[in-house]
Amino acid sequence: MECDVLVIGCGPAGLSAAGYAARAGYSVIAIDALAPGGQLLYIDEIENYPGVSSTSGFALAESFEKQAVSFGVSIEFMKAESIRKEGDAFIVTAGGDEIKSKAVIFASGARHRHLGCQGEEEYQGKGVSYCATCDGPFFKGRKIAVVGGGDTALTDALYLSKLGSEVHIIHRRGEFRGQKVLQDRVMAKENIFLHMNATVQSINGDGKGVKSVTLSDGSELDVNAVFIFVGVIPNSEMLEGFAELDKGFVVTDGHMRTSVPGLFAAGDVRTTPFRQVVTAAGDGAEAAHSADEYIQNL
Ligand code: NAP
């Protein structure tokens, strides 16, 4: 197979990039091992995507896909395995095939690290969440647990403390990893309670929603939601040794250019402080624009 622009990953970043590149007149193949939509497929309700008052992640994913296809993008279900450059051409192996392209936009996303405790998978979407801005508003006035001690846990605990009646931060060590300024703000909040040197043994509920968590000392904490912020894992393994990575995230400049000319990265897989559907889609548009400039100068 051959195309001008190959997009790896069909989440919001990848489909936005693919659509923009196809509209600019390029032949575009977008590949994904799973159904198009990326992490959108795991979000029950989205109310913070600009211009769309409220929709399901599935519906938004479907409209991203339909729009990209209407612009001429060819979506293929295959898992990208390796990437190399031969002269100016990129060769990506996927599903046993080779795809040759002039530019590659890497938008493979990142997966939230899970705790792996009892109840975590069962209550996903029923109180267990990995996104405060997505799901926090569903727990107004309720008791919320936040797991983790990094910048995300502290920032999002502060955000959630404006919504929930109580926020309980559960952190496995006696010190936070997150910035001092965030720690100070957390300490100053009257409705944030700290549970240090503690881990979550199980998340308990009645089948419909979360009711409590059991901590490592055996105590039980009554909460209606558990927000887990113990880091994310970028899906960048195939770029190791090919492009510059920082803790696994693909290093880009503001134009989504990576350390390899012609390779662009967009969305959650790249170094970015804010991982949202709208920022991923914006990255995708920027990456397509940069790929256009790059191809014109070949
Ligand atoms: P992070 O910095 O990797 O922190 C993850 C936290 O989760 C750590 O406190 C870690 O504990 C804990 N943890 C990891 N695995 C765990 C497990 N299995 N069980 C229990 N706890 C576990 O991740 P992040 O907070 O998502 O931040 C990611 C990056 O984005 C960082 O570079 C951060 O600075 C940046 N960021 C910046 C901002 C900002 O500047 N406002 C906001 C958000 C994120 P330990 O501390 O014991 O390792």
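How high is the FRET efficiency between SER82 and LEU41 when r is their beta carbon distance and R₀ equals 30 Å, given to the nearest 0.05?
Details: r = 26 Å, r/R0 = 0.86.
The value I calculate is 0.70.
Could you sort 77-89, 99-111 so that the peptide with the highest average Cβ count within 10 Å comes first and the rest follow in order?
99-111, 77-89
Compute the FRET efficiency between SER216 and PHE138 as 1/(1 + (r/R0)^6), taking r as their Cβ-Cβ distance and R0 = 30 Å, and round to the nearest 0.05. Walk me through the numbers on the way to the answer.
Working: r = 27 Å, r/R0 = 0.91.
It comes to 0.65.
Send over a whole-number figure in Å² for the accessible area per residue of segment 114-228, probe 1.4 Å. Please list the in-between numbers first.
Details: 5600 Å² over 115 residues.
Per residue, segment 114-228 has 49 Å² of solvent-accessible surface.
Give me the percent of accessible area attributable to carbon and sulfur for segment 131-235, probe 1.4 angstrom. Don't skip to the answer; put the middle values down first.
Working: 2350 of 4980 Å².
Carbon-and-sulfur percentage of accessible area, whole number: 47.
Taking 0.36 nm per residue of sequence separation and subtracting the Cα-Cα distance, how much length would be gained by fully extending the chain between HIS114 and GLU237, in nm to one decimal?
Numbers: separation 123, 0.36 × 123 = 44.28 nm, distance 1.84 nm.
Extra length available between HIS114 and GLU237 comes to 42.4 nm.
Roughly how far apart, in whole Å, are the Cα centres of segment 170-234 and segment 16-48?
33 Å
Of the accessible area of segment 1-125, with the probe set at 1.4 angstrom, what percent is carbon plus sulfur? Before the final figure, lay out each step's value.
Numbers: 2890 of 5940 Å².
Heavy-atom surface of segment 1-125 belonging to carbon and sulfur, 1.4 Å probe: 49 percent.
Return, in residue-number order, each cysteine of the chain whose C-beta is not under 4.7 Å from any other cysteine's C-beta.
CYS3, CYS10, CYS117
For n ≥ 4 DSSP H runs only, could you compute -39500 (n - 2.57) per run for the chain, divide by its residues and tell me the 222 nm figure to the nearest 500?
Working: 6 runs with 70 residues, N = 298.
My calculation for the chain gives -7000 deg cm²/dmol from helical runs alone.
How long is the gain from GLU244 to ARG177 if the chain were fully straight, where each residue apart is worth 0.36 nm and the alpha carbon distance is subtracted?
Details: separation 67, 0.36 × 67 = 24.12 nm, distance 2.47 nm.
Here the answer is 21.6 nm.
Taking 7 Å along the Cα-to-C-beta vector as the label spot, tell me the GLN67-GLU293 distance in nanometres, rounded to one decimal.
Using points 7 Å along Cα→Cβ, the separation is 2.3 nm.
The values are calculated or read from the model by the stated rules, or taken from the named source; none is laboratory data. Note that the structure is predicted; figures quoted are calculated from it, not measured. Quick reminder, even Gly has a Cβ in these numbers, built from the backbone with ideal geometry, and neighbours come from all protein chains shown. When the accessible area is computed, the model is the full protein with side chains, heavy atoms only, and any ligands, DNA or RNA have been set aside. Shrake-Rupley method; radii C 1.70, N 1.55, O 1.52, S 1.80 Å.
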